[in-house]
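> Have a look at this one.
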Amino acid sequence: MGRGANFILPPDDCFRVRVISPKHVRIQNIVKNFNISENEAKRRVIRTESERRAFIRKYFNAEIADPVNYDMVINTGSVRVDNAVTAISAFVGAI
């Protein structure tokens, strides 16, 4: 959700996952889930992305998209959600 838990919790006590997808996929998901126009969905995606980036920069002096801040980054634009869940579960089970 972009609230910074990965910056608050000790890295040894958690598994930090970032789930991403291409902007056009996020826009289409918003169009479908909220039954709004593509232009309105694009505005929402851009606004949310900007707010989350600013929040992390302000409170943690970090970049939300820097992969160094995560143990795993999954792109649901190229990996199905059920496969992402399987990958996360397998990784967590191995540690």
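The values are calculated or read from the model by the stated rules, or taken from the named source; none is laboratory data. All of these numbers come straight from a predicted model, not from anything done at the bench. Note that each Cβ is placed from the backbone with ideal geometry, even for glycine, and that neighbours are counted across all protein chains shown. When the accessible area is computed, the model is the full protein with side chains, heavy atoms only, and any ligands, DNA or RNA have been set aside. Shrake-Rupley method; radii C 1.70, N 1.55, O 1.52, S 1.80 Å.
> Applying 1/(1 + (r/R0)^6) with R0 = 41 Å to the Cβ-Cβ distance of Tyr59 and Asn83, what FRET efficiency is obtained, to the nearest 0.05?
Working from the Cβ atoms, E equals 0.80.
> Roughly what percent of Cα-Cα pairs across the stretch 1-48 reach past 16 Å?
50
> So, one more: Calculate what fraction, in whole %, of the accessible area of the chain sits on carbon and sulfur atoms when a 1.4 Å probe is rolled over the protein chains.
Ligands and nucleic acids excluded, carbon and sulfur give 54 percent.
> Given H placed 1.01 Å from N in the peptide plane, which residues other than close sequence neighbours of Asn75 have an amide H under 5 Å from its amide H?
Placed amide hydrogens put Ile20 under 5 Å from Asn75.
> Right, next: With contacts defined as alpha carbon pairs under 8 Å and 6 or more residues apart, what's the relative contact order of the chain in percent?
41
> Per residue of the stretch 20-36, in order, report the coupling 6.51 cos²θ - 1.76 cosθ + 1.60 (Karplus, θ = phi - 60°) as ³J(HN,Hα) in whole Hz, putting x for Gly and Pro.
Listing the rounded values in order: 10, 7, x, 4, 5, 5, 4, 4, 5, 5, 5, 4, 5, 6, 10, 6, 10 Hz.
> Could I ask something else about it? Find the percent of Cα-Cα distances in the stretch 21-74 that exceed 17 Å, and round it to a whole number.
Result for the distance tail: 48 percent.
> Where only protein heavy atoms count, and the probe is 1.4 Å, what is the accessible area per residue for the chain in Å²?
Averaged over the residues of the chain, the accessible area is 72 Å².
> Picking from Val68, Val19, Ile36, whose Cα lies most toward the positive end of the charge dipole for the chain (charges on Cβ: Lys, Arg +1; Asp, Glu -1)?
Value: Ile36.
> Which lysines have a Cα less than 19 Å from the Cα of Lys42, not counting those fewer than 8 places away in the same chain?
Correct list for Lys42: Lys23, Lys32.
> Please list 3J(HN,Hα) in residue order for the stretch 51-56, calculated via the Karplus relation 6.51 cos²θ - 1.76 cosθ + 1.60 where θ = phi - 60°; whole Hz, with x for glycine and proline.
Each residue of the stretch 51-56 in turn: 5, 5, 4, 5, 4, 5 Hz.
> Report, in degrees rounded to the nearest 10, the 0 to 90 angle that the Cα long axis of helix 81-94 makes with the longest principal axis of the chain.
Taking Cα atoms only, the helix is inclined about 10 degrees.
> Ok, one more. Which number do you get for Rg(Cα) / (2.2 N^0.38 Å) in the chain?
Expressed relative to 2.2 N^0.38 Å, the Cα Rg reads 1.19.
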